[in-house]
Every structure is written in structure tokens, then in C-alpha cells.
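These notes are about the structure you will find just below.
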Amino acid sequence: MRIETLAVHIGHSSDSSGGAVAPPLVLSTTFARDPEQRPLAGHTYARSGNPNRDDLERLLAALEGGDEAVTFSSGQAATHSVLHALSPGDHVLLPAEAYYGTLALAADHYERWGLIVRHVDMTDQTAVERALRIPARLVWIETPSNPRLQITDIAAVSRLAHGVGAVVVVDNTWATPIWQRPLDHGADLVLHSATKYLGGHSDLTAGAVIARRGAPLIARIRDIQGQLGAVPSPFDCWLLQRSIPTLAARVRAQSASAATIAAVLAAHPDVRVVHYPGLGEHPHHDVAARQMAGGYGGMLAFELRGGREQALAVAARVRLFQRATSLGGYESLIEHRASVEGPRSGTPPALLRLSIGLEHVDDLLADLSAALALA
Ligand code: PLP
């Protein structure tokens with residue numbers, strides 16, 4: 001079955017009692033046992049499992065071509081579970097550019113806990129090979145990366161990592177399984193902030209780790225889910241099941257608009273550079289074209305010739321784009337990442353990040369052109 005069909009049908013258990021087509025929401029924290037103390041229907045306690053969470057995990061595993069998904073209360077909790085599955089003293093190779101929170105979590109908590117964290121430009125295979133002369137236990141890929149949409153060749157870096165026995169995890173939040181399925185390119189684990197495109201409506205936080213059967217670390221990650229307890233609520237699982245059937249339609253529309261906006265911005269005299277892997281001039285366009293299935297996502301960033309002042313002025317003048325962090329919802333957002341990330345930010349101050357929503361692309365273009373003309 002194609003991904004659109006999987007998204008509609010997998011994990012959508014219907015209500016056997018009343019015939020409701022939309023799945024029921026099960027809020028119970030505890031589940032009854034028979035006189036022999038056996039769980040009546042498989043579940044025992046909501047932290048260990050819940051029907052909505054089971055359905056969601058089956059669905060996410062199917063979308064990524066995996067066998068198992070482990071869900072969490074946020075993307076950060078999912079990231080935490082992967083790092084926590086390692087042991088003090090293990091080496092971790094992180095990308096030089098990735099979501100700020102991922103790098104901060106590793107630096108602020110896991111270096112103190114005993115992980116040895118190193119950073120490398122994951123888009124440069126020679127640099128990765130050199131870095132792996134000191135073997136790592138885990139290699140982290142985020143592609144496209146936040147905020148400059150750098151593209152890492154998942155298959156090539158997975159080969160290098162596996163050569164030294166490292167586990168490869170790919171944060172697939174920005175691409176979504178509609179455009180990129182890292183397990184098909186050799187990765188061991190896929191990570192999502194489900195808060196973004198999977199949720200799609202900016203009304204929940206959740207995360208997930210997905211793997212094939214028997215993949216390294218996944219059993220320990222499942223254990224961490226139950227024991228550390230950062231589980232998604234039944235309602236958030238239900239909301240995700242409600243949102244994922246429209247994932248393909250949303251992401252395709254958002255990506256088409258993003259591609260148009262990227263091309264228009266690239267020709268604007270006030271714009272120094274546009275970061276969008278769908279553009280032929282993007283430095284890693286060829287890799288993106290090879291590993292992404294015909295689309296490049298709904299995120300883009302651009303840098304203004306007028307520097308920080310002009311970036312802030314454009315962000316101040318847009319009317320349809322909302323100034324807010326996050327991404328992947330149906331509404332378009334604009335963000336001055338350097339301001340949001342704070343003093344440790346490595347993001348260029350002239351950069352604005354756009355999350356393209358489902359508004360008509362002409363209205364979004366008119367909004368950006370008017371803001372650029374006034375800034
Ligand atoms: N990974 C990426 C690529 C993200 O953009 C984010 C959040 O912006 C996260 C992980 C963390 O997810 P959450 O905010 O759901 O904890």
C-alpha cells in the first residue's frame with residue numbers, strides 16, 4: 001500500500017460497540033483483570049500502554065517502513081530516550097548544525113552525565129570519516145537541518161557509521177516520511193517531533209522513535225518510555241491519529257508553496273541567499289534529489305542583505321505570517337531564529353525561517369513582498 005493509504009487505514013481501530021468510524025478515545029489510566037489476574041484486553045496501566053497509543057505506534061511504524069514505534073510526550077523526550085539508552089563514556093557524533101534543543105540537551109545534560117559529545121559537519125563525508133577514527137557509539141543526523149536546511153547523505157554516513165559499529169539515528173521531523181524514509185537508506189532509528197507536521201495543527205506536543213525489529217537500542221528505548229514515563233497522553237495520541245490521514249495532502253501542498261516562495265525570494269534584490277534544498281543552486285541539491293521522494297518540504301530560510309535590522313523589520317511587517325516558534329502547522333510562521341535561540345545561537349542574525357502553511361501561495365507571496373518593500 002502507498003503511504004497515503006497507510007496513513008488513513010493503519011491503526012484506525014473502529015468502535016466495535018457503536019460502529020463509530022472515528023476511533024474512540026480511551027482515557028482510563030487503569031485496566032481490569034480477570035479473576036486469574038490476567039489483563040482482560042491486554043492493557044494494565046496507562047503509562048505502560050493505552051489503546052490510542054498502540055494504534056498511533058502501529059501507524060507511525062508503518063509510515064516509516066519500520067516495525068516498531070515508541071512514542072513520547074515531546075520530541076525532546078524522544079531525543080532524551082535515545083541519548084539515555086547509551087552508557088556513560090560512550091562517544092556521540094552530533095551534527096555541527098541541528099535543532100538547537102538537540103544540541104543543548106546533549107551539552108547541558110548528557111555531557112554532565114558522561115557522554116563524550118563531538119560535533120562534525122555531517123554534509124562533509126571526509127570530515128565524518130576523519131571524526132570516526134575515534135569510533136562513536138551513536139551518529140546523529142538531521143536532514144534537512146535546522147535552520148539552514150543542510151542535507152546529509154543518509155546512506156553514505158550510515159555506511160561510515162556502521163563501519164565503526166555506531167548506531168545511526170535520523171531526525172526526520174522536517175522531511176516527514178512523505179518525502180524521506182531514513183530506514184530505507186540504512187539508518188537504524190528515526191526520530192520525530194510529532195509536534196510538527198505529524199500533528200499539523202499546532203495543538204499538541206509529542207515525539208517518536210521508530211525502528212525495524214531488533215534494531216539496536218530500541219528495546220532499551222521502549223524500557224525508558226515506561227520507566228521514565230514521558231508518555232504522550234491518550235488525547236494527544238488520538239489527535240495524532242486524527243491528523244495523520246491528512247499528512248500527505250498537507251505536506252504536498254505546503255512543499256509546493258515553499259518551493260514557489262523559495263524561487264521568488266531567490267530572485268529578490270534584498271535577499272542574499274535562500275536555504276531550500278529544492279533550489280538547483282542549493283549546495284546539496286543533488287543529494288536531496290536522490291534521497292527525498294520528489295519534494296523538499298515546507299520549511300525554508302533566507303538571509304537579508306540588510307543584516308539583522310532588515311530581518312527584524314521584515315518579520316515585524318508581515319501580516320499573514322505569525323511571529324512564533326515551531327513549524328509544520330497549517331498556519332504560516334516566521335521566526336528570527338537568532339533572537340529565539342539566545343546568546344549561544346550560531347544562527348546568522350540576518351536569517352529568517354519560514355514554516356509554510358496552507359494559505360494560498362499568492363497571498364503569502366504578497367505578504368512577504370509588501371514586508372520586504374517596507375523593510
Ligand atoms: N527535532 C527538530 C528537528 C525540531 O525542530 C524540534 C522542535 O522544534 C525537536 C526535535 C523537538 O521537538 P519538541 O519541541 O516536540 O520537543
With angles folded into 0 to 90 degrees, how steeply does helix 218-228 sit against the dominant principal axis of the chain? Use alpha carbons for both and round to 10. 80
Cut-off 12 Å between beta-carbons: net charge of the residues surrounding Arg212, Lys and Arg +1, Asp and Glu -1: -3
Magnitude of the Cβ-charge dipole (Lys and Arg +1, Asp and Glu -1) of region 3-245 about the Cα centre, nearest 20 debye, reported as 340
The answer for trypsin sites (Lys or Arg not before Pro) in region 286-375 that fall in a DSSP coil and have at most 12 neighbouring Cβ atoms within 10 Å is Arg305, Arg319, Arg344
Share of accessible surface on carbon and sulfur in the chain, whole %, 1.4 Å probe and ligands ignored, is 53
If I fit a long axis through the Cα atoms of helix 51-63 and take the longest principal axis of the Cα atoms of the chain, what angle between them do I get, 0 to 90°, rounded to 10? 50
Cα shape, region 132-291, gyration tensor, a/c 1.5 rule: oblate
Divide by every residue of the chain the summed helix terms, -39500 (n - 2.57) for each DSSP H run of at least 4, and state the resulting mean residue ellipticity at 222 nm, rounded to the nearest 500 deg cm²/dmol. -10500 deg cm²/dmol
Magnitude of the charge dipole, region 247-374, Cβ model with Lys/Arg +1 and Asp/Glu -1, debye to 20: 260
Determine the percent antiparallel among the DSSP beta bridges restricted to the chain, to the nearest 5. 60
Cα lying deepest toward the dipole's positive end in the chain, options Leu320, Gly278, Ala206, charges on Cβ: Ala206
On full extension of the chain, what length is gained from Ala267 through Arg47, given 0.36 nm per residue of separation minus the C-alpha to C-alpha distance? 74.0 nm
Which one of Ala293, Thr176, Leu351 is farthest out on the positive end of the charge dipole of the chain, using unit charges on Cβ (Lys, Arg +1; Asp, Glu -1) and the Cα centre as origin? Leu351
Would the chain count as rounded, prolate or oblate if I go by the C-alpha gyration tensor, calling it rounded below 1.5 in a/c and otherwise prolate when a/b exceeds b/c, oblate otherwise? oblate
Roughly speaking, what is the centre-to-centre gap between region 312-375 and region 244-304 when only Cα atoms are used, to the nearest Å? 15
Applying 1/(1 + (r/R0)^6) with R0 = 56 Å to the Cβ-Cβ distance of Arg323 and Glu36, what FRET efficiency is obtained, to the nearest 0.05? 0.45
Chain lengthening between Val21 and Arg290 when straightened (0.36 nm per residue, less Cα-Cα): 93.0 nm
All other residues with a Cβ under 15 Å from the Cβ of Ser202 taken together, and with Lys, Arg as +1 and Asp, Glu as -1, what is their net charge? -1
Rounded to the nearest 10 degrees, the helix 307-317 long axis (Cα) sits at an angle to the longest Cα principal axis of the chain of 70
Need the C-alpha centroid separation for region 27-84 versus region 203-229, integer Å. 9
Accessible area per residue of the chain at 1.4 Å probe, in Å²? 41
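The values are calculated or read from the model by the stated rules, or taken from the named source; none is laboratory data. In this text, all values refer to a predicted model and were calculated from it rather than measured experimentally. Backbone-built Cβ (ideal geometry, glycine too); neighbour counts: all protein chains shown. Note: accessible area is taken over every heavy atom of the protein model, side chains too, but ligands, DNA and RNA are not part of it. Shrake-Rupley method; radii C 1.70, N 1.55, O 1.52, S 1.80 Å.
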